[in-house]
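The block underneath contains the structure these notes are about, expressed in structure tokens.
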Amino acid sequence: MYTQPTDRKELAATAERAPRTLTPEDAAFQQRIDADEFIEPRDWMPQAYCKTLVRQISQHAHSEIVGMLPEGNWITRAPTLKRKAILLAKVQDEGGHGLYLYAAAETLGVSRDEMIEALHSGKAKYSSIFNYPTLTWADIGCIGWLVDGAAIMNQIPLCRCSYGPYARAMIRVCKEESFHQRQGYDIMLALCRGTPEQKNLAQDALDRWWWPVVMMFGPSDKDSTHSAQSAAWKIKRVSNDDLRQKFIDATVPQADLLGLKIPDADLKWNARRGHYEFGAVDWEEFWRVVNGDGPLNRERLAARVKAYEDGRWVREAATAYAAKRGRGSFDPDAAKHGRDSFDPDVAKHGRDSFDPDAAKHRASEKVA
Ligand code: BYC
């Protein structure tokens, strides 16, 4: 549903405001950026470039993982089996996005444990949007339509960002987000073509999600602390305000098609500019939510910490198993006898996860 030309106006104006005192290494690095080369993990890079990427990529990963919570809340209550299967797949995709992104950040020398600790201690941010509640099934439609729609707007330019692993991760993420956006719009269409009560649910959800989604693109360009430098490094290709405008321009006609009213009395088409004008964003609300005091910040973080603690035994078991396999494969004796990491003695006593005897019994149960 969304497309974005790749020759779009870049952040030239903000890039000009970036610091200009460069060392020879910095200058050579900047030349590579200016020539649109990808920077790869083993390449020299300024520490600040690395730090900016770790901040943004890890926060992006956290957003994907925390973002599973509001929708996960509706998996058991989806209205049909088909909607449930689709929602399950979608939420699972978001988990996958988080994992690609953690892996991309790890190429910069930060460990997954450090990133997760930063999230759990409240040091690292995640997208403000996931601190709002999902009160009805229509909220699931709105998340797909609007939140994933906004995410695509922001992420398509990231497919061309200067850091190779981040840009490549974004290509797959954007393809999946496009499916997510359509499934959300399809939920909204079904509700809007349904009974008056269903249409009211859709309107009510739009009323609650619209402004938080408009805020998702971040502070206005004049208040954005990182934009100038991120633009100079071609991490950021399109500014927060330009993305917000593109999103609104693309979304208003979609709301019209649904027969829904966007909750903004100042929204109107400006034919001269070729854009919609829109009302003032409540930046106080935005900063309140970003700084931890939104409707569900505490609950979201507590749910993540609990999930992490509940999964501790799985990580410990997987680590112990990997260590055992590692020992086996490095055992020169075992290698000589071609035994690899499988120890039949251990298997017989049920201490290994592969037990040939048990496997035999399982096979016969199946046949019976
Ligand atoms: N929420 O200088 P600025 C998804 C912070 S998940 C919270 O403009 P920057 C999905 C910003 O971090 C998609 N904080 O920053 C998942 C900075 O604070 P710090 C999530 C925000 O980085 C599941 C400060 O404000 N997408 O699609 O140049 C289900 C100043 O801002 C927000 C991404 O993460 C916010 N909304 O630009 C469904 C995209 N906005 O770090 C869907 C990748 C700003 O100095 N990230 N802040 O403490 C980006 O593109 C950029 O980081 C941003 C912000 C445009 C978000």
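Remarks
- Seen from every direction in turn and averaged, the convex hull around the alpha carbons of the range 213-336 projects onto 15.0 nm².
- Accessible area (Å², 1.4 Å probe, nearest 10) - S220: 20
- Residue pairs, from the table K125/K306; K51/K125; K125/K261, whose Cα atoms sit over 22 Å apart: K125/K261
- Cα gyration tensor, the range 107-249 - rounded (a/c under 1.5), prolate or oblate: prolate
- The range 90-190 shape via C-alpha gyration tensor axes, a/c threshold 1.5: oblate
- Backbone phi angles across the range 92-98, fed through the Karplus curve with coefficients 6.51, -1.76 and 1.60 (θ = phi - 60°), yield HN-Hα couplings of 5, 4, 4, x, x, 4, x Hz in residue order; Gly and Pro are listed as x.
- Across the cross-link table entries K82/K246; K84/K175; K175/K246, which are compared at the Cα atoms, the separations over 29 Å belong to K82/K246.
- Euclidean distance of C-alpha centroids, the range 196-275 and the range 136-176, integer Å: 15
- For H275, distant residues with modelled amide H under 5 Å away: N270
- The amide H of I39, built 1.01 Å from its N in the peptide plane, has Y163, G164 as neighbours under 5 Å, considering only residues 5 or more places off or on other chains.
- For the range 24-39, the Karplus equation 6.51 cos²θ - 1.76 cosθ + 1.60, evaluated at θ = phi - 60°, returns couplings of x, 5, 4, 5, 5, 4, 4, 4, 5, 4, 5, 7, 6, 7, 7, 9 Hz by residue, with Gly and Pro reported as x.
- Here the Karplus relation 6.51 cos²θ - 1.76 cosθ + 1.60, evaluated at θ = phi - 60°, turns the backbone of the range 66-77 into coupling constants of 5, x, 6, 5, x, 7, x, 4, 10, 4, 6, 10 Hz, with x for every Gly and Pro.
The values are calculated or read from the model by the stated rules, or taken from the named source; none is laboratory data. All values reported here derive from a predicted model rather than from experimental measurement. Accessible surface is based on the protein model in full, side chains and every heavy atom, while ligands, DNA and RNA are left aside. Shrake-Rupley method; radii C 1.70, N 1.55, O 1.52, S 1.80 Å.
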